[in-house]
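To start, the structure under review is shown below, and the notes come after it.
The values are calculated or read from the model by the stated rules, or taken from the named source; none is laboratory data. Please read these numbers as outputs of a predicted model, since none were measured by experiment. Ideal geometry is used to build each Cβ from the backbone, glycine not excepted, and the neighbour counts take in all protein chains shown.
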Amino acid sequence: MASTPVGIVPAAGKGSRFGGAKMLALVRGEPMLTHPIRALLDGGVHRVIVVVSSALADMSAVAELGWPGVKAVFNADPDRGMFSSIQIGIAAADGEPIVVLPGDMPYVQPPTVTRLLAEFAHAPGAVAPQFHGKHGHPLALPARARHAILQAEATARLDDVLASSGFPRRFFDVDDPGVTRDVDVIGDLR
């Protein structure tokens, strides 16, 4: 059976440290949320599940949410944390690998996603890039990790669930500083 990579973009957080509406903040002239969606699709992921909250009311600002192969699903209680959004995305996804790229990481380059898919194909498991020794995203997961993730508490940490379930992360080096660059506050856009 051929692999069908599927992406999960957790984007349901309030962005309170940012001042709100973080996913719609402009990065290189486009809403932040467009960049991880495009990086996944341009890098070889076939479908993308974007997990949003009702706080992202004007989804029309993110044209990619209406594209074929891109589906928005809602996290009704995002205060539980990003892991709850990952669970919701994984519940709505089928395919392998499952590639998780947070919505506040607009600087990841498509070639990094392509390389991630190749690394996963070579040795399936939990695999992610690192830049100068610093661990980053996106993270590719085997479909067999779905059960452990869906059965965990919504307030858990993904790393803890993976480690306790026998899916420790393996890292590979990339020349893409975007894998470690998330946006928490407005100053992170500089």
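Structure summary
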quantity: For ASP94: the one exception among (1) over 24 Å from GLY29 (Cβ atoms); (2) acidic (Asp, Glu); (3) modelled with pLDDT of 95 or more; calculated: (3)
quantity: Enumeration of residues in region 136-159 that are closer than 23 Å to LYS14 by Cβ and loosely packed, with under 14 Cβ neighbours inside 10 Å; calculated: GLU153, THR155, ARG157
quantity: Output for region 160-170, where each listed residue is surrounded by fewer than 16 Cβ atoms within 10 Å (Cβ to Cβ) and either touching a residue at least 40 places away in the same chain (Cβ under 8 Å) or not polar (S, T, N, Q) (or both); calculated: ASP160, ALA163, GLY166, PRO168, ARG170
quantity: Flag if VAL113 is touching a helix residue (DSSP H, G or I) at 6+ places or on another chain (Cβ under 6 Å), surrounded by 17 or more Cβ atoms within 10 Å (Cβ to Cβ), in a helix (DSSP H, G or I) and in contact (Cβ under 8 Å) with a residue 40 or more places away in the chain; calculated: yes
quantity: Residues (of a type in the set (D, E, K, R) and modelled with pLDDT under 85) located in region 52-91; calculated: ASP58
quantity: Number of the exception - PRO102 against (1) farther than 17 Å from VAL183 by Cβ; (2) within 13 Å of the chain's Cα centre (by Cα); calculated: (1)
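Residue by residue, here is whether (1) part of a helix (DSSP H, G or I); (2) in contact (Cβ under 8 Å) with a residue 12 or more places away in the chain; (3) of a type in the set (Lys, Arg); (4) under 29 Å from GLY187 (Cα atoms) holds:
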residue	(1), (2), (3), (4)
LEU65	yes, yes, no, yes
ILE90	yes, yes, no, no
VAL99	no, yes, no, yes
VAL108	no, yes, no, yes
